[in-house]
Every structure is written in structure tokens, then in C-alpha cells.
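The values are calculated or read from the model by the stated rules, or taken from the named source; none is laboratory data. This is a predicted model, so every value here is computed, not measured. Don't worry about glycine lacking a Cβ; one is built from the backbone with ideal geometry, like all the others, and counts go over all protein chains shown. Accessible surface is based on the protein model in full, side chains and every heavy atom, while ligands, DNA and RNA are left aside. Shrake-Rupley method; radii C 1.70, N 1.55, O 1.52, S 1.80 Å.
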Amino acid sequence: MRIKNQNELLDEATRKKIIDEINEPENLARKAEAFRRYQCLKDQTRDYTLGQLKKQFDQSTIEEMEYAIANVSLVRKCIDKLSKVYSYGVNRVIKTGSKKDDKATVAVQALSKTLKLNTQMKQANKYLKLQRNCMVYVKPCPTDAGWDIKVQPLSPFLYDVIEHYYDRTKPMAVILSDYSVSRSAYTINDAAIRTANETVSVRPGDGKDQAIADSPIDAESKGYVWWTDSYHFTTNEAGEIISDKEFIENPISELPMVNLAIDQDEQFWAVGGNDLVDGAILINSVLTHNQHIATTQGYGQFWMRGKNLPRNVKIGPSKAILMEHLEGEPQPDIGFASSNPPLDSLRGLVEQYIALLLTTNNLSTSSVSSQLTGGMSAPSGVALIIDKAESIEDVNEQREIFAQAEPMIWRKIAKFMEILGSSLTPELKETPVDVDLVSQMTTKYNEPPSIQSENEKLNNIKLRKDLGINTLVDLILKDNPDMSNEEAEFKLAEILKEKIEMSMTSKPEAVDGNEEEQSDGLGNISDDRPVGGTPGDAEEAAPGTA
């Protein structure tokens, strides 16, 4: 069904149909795929690797191989390398006309720290690269000290969207709900299909939320939270409003979420991005094969040949085997049969796949090897392959997405702060921001620093100062990129104050009988004698001196 107007959502029967669609297999498959990516990002690849192996082997073989299941976190490492928008810091500036509004800029920078915005936006960057869809939710939260505001990135399995009728790339309504995680660790079929008869292992948990924090797999559905530009309410699975029916108007008159997406292709849910997760699962499967083959075929297989041989034999360096034979019978013989499994070829297969995976994701393949070199050489194993991988091609595209999103996020923050007013927490009250001003905010993302020695860095700073292309505050920020403008200005004031105090307390020294040179406190030496003057001229100008 297509919704043309958000007013249609006020009808209970319509809401019930939408909730039914949310729980249909097609949408559950979408959420399951998003959850699979999220799990692999959180180092939970093992269950999916085990599920992959189950498609090939029977249950007894799976149980035998379980000790060797690999769980190398390729997804997390690659996503960390691909999500660099906020890695080197960001400068948020508010301008009124062509001039910078210092007061508003300082307030935004202070509020960024209070809200831990950079940390949350880094997480949003990871979700965007992993899922290709992500929402940043500006969420008012009641606390004992007053209303707080959280900026929370949402993974796609936590929300559903009703698209705008005339523009499918934009959300008309967002419906938040808990994601019910199956208790099965892995399945034969697609991750979206999780039924009781496919359960192989069960994780601990009673399926109920308790007074203490519970396991994510025990989350129970508490209802569906609906947001549109005009309305906000909570319903149960039947579509009945269970929140206060008298207060269903959206207080900020716009969605409190900002949608981030890559390659939407004229539809809301972006398609693609499976290769990284599929590749990580496949690589862990091959690594599991290698480990199992190396273990099972690494031991020599004991054998005996002869007549009337003992049936129960224990072998080992301190064990003896007694074998008797009569005259005319074949002489007994024992030995070990060894195999030569193609471990090097299998390892090369892993390296080749990793190289292709990195290349197609704009990552470096400068060192692809799964061996460790001894001595002083750096290891070049599979983990180090990912460590050395750097993405530089799509950072600017990501920056454009976030630069457009930030003013919208700040406008929602400012609107909630304006509405909540005196009921905000003390920390938020100290840093008020104006809705109109934050809408004009510009963001500049810092470039990655070049690798320099300390001496090279200082020479570079000195040269920039001599050329006059940077202020002293700029130079301090170059030396201390983690500082804010306010902190840099304070440090400069401290440096100048210290220089002035040192010049005031230092003892004057005569230089070749001349009057002592004077310092201006900034490291510049001045001489107050008349131009072309002589020592005698100085004495005449100061009568009464010895």
C-alpha cells in the first residue's frame, strides 16, 4: 500500500496494515541482512562462518570442526579504514553574512563536546559505510537532572520508513521498533529465515527484560514509535495508540532524524555493499578449513600390518607394543602414514581473495602475505594487510554527505533546546544555540597529517610564521590539532604572559659599556639610544649618573 499523506497515519486500520508489512518476510529479510552486517562489524562473524560450513558438512563433522572456527574481524578493520570523515577532527563555524560569528561558533564547539557529537558522528560514518543507509536520531531523554539530548546513529534494522509519495529517496514517516533476534546461532538457509527446527545452538537468556541490563537477544517488542513532520506517538502491534492521545503533535514540526545514504538509485533503501561481509565470512570459512586440515592431517596416522595383532593399542614415547607371530606367519610391521596437505596453496587462496576484496573497496594491497617475518622486520600477516590498507578515493564523497547533514542535525538540536528551555540539564543550559544561526553552520574536515619528524614539524611552523601566512593561534592549532580555538587562544595568552614576566624579572647586563638593551616581552630586542649616538651622548642625556 502507498501512503500519499501523513494524515492517513491517524487511521488505526492503516497503521495495522503498515505494521503487518513491517513483519512480513520481505522486510524481515532486509533487517536480517542489516543485522548480519552489524554483527560482523561487532566481531560476531563466527556464527555466520559456522552456518556457511553447515551447508557443506553434516552435523557430526561440524561438531568436530567447531574448535577451529576462525573469527578474524576483517569487516571491523576495513570499515575503520573506510570511515575517515571525522578521524582527524572537524571545525564547525557559524557565519553571519561574510563574517564569522565568534560567540555562536564558541557555543557550537562547547555543545559539541557536551553532546559527544564527534564520537557519535564517527559511529554514524561507520554505519553508513557498512549499511549504505543510516539515520542520525536527535533524541530528547528525561533524566533526574532535567531533559538531556542524545545524538544517536541508528542501524537500519532498528527502523522502518514510509517514503514520500513523490520522492522515494526521502522519508515521510519513520517507525522505530526493537529488533527481535533469533536465538539460533546459525541456520542452513538465509539469515532472514530463522525457524525453530533450524536451531543448532542456543545462547543463554530467558527472553525477558529484567530490572538489570539484559542481553540484546532478550529484547522484547515494546511497541512502535512513529515520527512524521506533524505527528509523534507510540502504538502496539495492533496499531492502537498507547501513548498520550492528547499529545500527538510533533513539537519541532520536522522529523528528528537525518537520513544518510549512499547510492539510493531513486529509492529509499540503497542496494549493495554485500561484498565486504560475504568476503569476510568466506575468508573465515577458508581459514577454518586450513586450521582443521592442518590439525587432522598434521598428525601421522598410525598403522599396523600382520596377523593376530592387538586390537587396543596405545602409542607414545613411553608406550611399548607387544606383537607375537608364529613361524611361517607374516612378520608384523608398524608405521605412521603422513600426508602433505596443500596448506601453502590454501593460504595463497586466502591472500588472493583478500587482495581482490581490498582493491574493490579502495584499500591498499601493498603487503599481502599471511606469514610473519622474523627478526627486526615487521609482520606481514593477514591482520597487518588490513592495518596498512588506506582509503583515499571516496573520503571527499563521504564528507559532502556529512557536511550537508550537520546543519540539519544542529537545527533539530536547537529546536529541542528551545522547546525544553528551563527543563534542560545544567550542562545544556550553559550552551544555548540559536536555530537560525546553526542552520548557517559550515563544517571543514581536517586533512590527515603528513608524517614528519619533530624537527621537520617545527621548521615548517617557523617558516609559516616568518612568511606571515598563519596567525599565532593557527600555528598553535597546527602543533596541537586536538585543541579548540578557545584553548589555543588561552595557550597563546599564557605564552605571552610568561615571556613578559621573564623579561621583567631578568637582570640588565651592560654590553660594551652601552646602555642595556630592552626587550618588548615578545622576544624582540630594542635599543632606545639616538640613531648614530655614542657612549658620551648617552652620558650627557642622563645627567647625574655615575
Checklist outcome for this item: Scanning region 82-96 for residues that are over 14 Å from residue 121 (Cα atoms) and surrounded by fewer than 21 Cβ atoms within 10 Å (Cβ to Cβ) gives 93, 95, 96
Checklist entry - Counting only residues that are of a type outside the set (D, E, K, R) and in a helix (DSSP H, G or I), which one in region 97-109 is surrounded by the fewest Cβ atoms within 10 Å (Cβ to Cβ)? => result 106
Next on the checklist: All but one of (1) open to solvent by 20 Å² or more (accessible area, probe 1.4 Å); (2) assigned to a helix (DSSP H, G or I); (3) of a type outside the set (A, V, I, L, M) hold for residue 78; state the number of the condition that does not hold.
Outcome noted: (1)
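Can you give me the number of residues within region 10-39 that are part of a loop (DSSP other than H, G, I, E, B) and under 31 Å from the mean Cα position of the chain (by Cα)?
Of region 10-39, the ones part of a loop (DSSP other than H, G, I, E, B) are 11, 23-24.
Then drop every residue that is not under 31 Å from the mean Cα position of the chain (by Cα), which leaves 23-24.
So the answer is 2.
Go through region 40-62 residue by residue and tally those that are within 20 Å of the chain's Cα centre (by Cα) and buried (at least 21 other Cβ atoms within 10 Å of the Cβ).
If we filter region 40-62 for residues that are within 20 Å of the chain's Cα centre (by Cα), which is where we start, we get 40-45.
Restricting the remaining residues to those that are buried (at least 21 other Cβ atoms within 10 Å of the Cβ) gives 40-41, 45.
Final tally of qualifying residues: 3.
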Item to check | residue 401 being open to solvent by less than 60 Å² (accessible area, probe 1.4 Å), over 19 Å from the mean Cα position of the chain (by Cα), at pLDDT 85 or above and not hydroxyl-bearing (Ser, Thr, Tyr) | outcome: no
Checklist entry - Looking only at region 10-39, which residues are surrounded by fewer than 18 Cβ atoms within 10 Å (Cβ to Cβ) and more than 30 Å from residue 248 (Cβ to Cβ)? => result 25, 29
Checklist entry - How many of the residues in region 437-481 are under 31 Å from the mean Cα position of the chain (by Cα), more than 29 Å from residue 411 (Cα to Cα) and not in a helix (DSSP H, G or I)? => result 6
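Criterion first (farther than 27 Å from residue 434 by Cβ, surrounded by fewer than 21 Cβ atoms within 10 Å (Cβ to Cβ) and touching a residue at least 60 places away in the same chain (Cβ under 8 Å)) does residue 139 satisfy it?
Considered against the rule, which asks whether it is farther than 27 Å from residue 434 by Cβ, surrounded by fewer than 21 Cβ atoms within 10 Å (Cβ to Cβ) and touching a residue at least 60 places away in the same chain (Cβ under 8 Å), residue 139 comes out as no.
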Item to check | residue 195, sole failed condition from (1) open to solvent by 20 Å² or more (accessible area, probe 1.4 Å); (2) of a type outside the set (Lys, Arg); (3) closer than 20 Å to residue 414 by Cα; (4) modelled with pLDDT under 95 | outcome: (3)
Checklist entry - List the pairs whose first member sits in region 482-504 and is in contact (Cβ under 8 Å) with a residue 24 or more places away in the chain and part of a helix (DSSP H, G or I), whose second member is open to solvent by less than 100 Å² (accessible area, probe 1.4 Å) and among the small types (Gly, Ala, Ser), and whose Cβ atoms are under 8 Å apart, counting only residues at least 6 apart or on separate chains? => result 496/521; 499/521; 499/523
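Yes/no per residue for (1) assigned to a loop (DSSP other than H, G, I, E, B); (2) over 47 Å from the mean Cα position of the chain (by Cα):
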{"site": "293", "(1), (2)": "no, no"}
{"site": "316", "(1), (2)": "yes, yes"}
{"site": "320", "(1), (2)": "yes, yes"}
{"site": "334", "(1), (2)": "no, yes"}
{"site": "348", "(1), (2)": "no, no"}
{"site": "353", "(1), (2)": "no, no"}
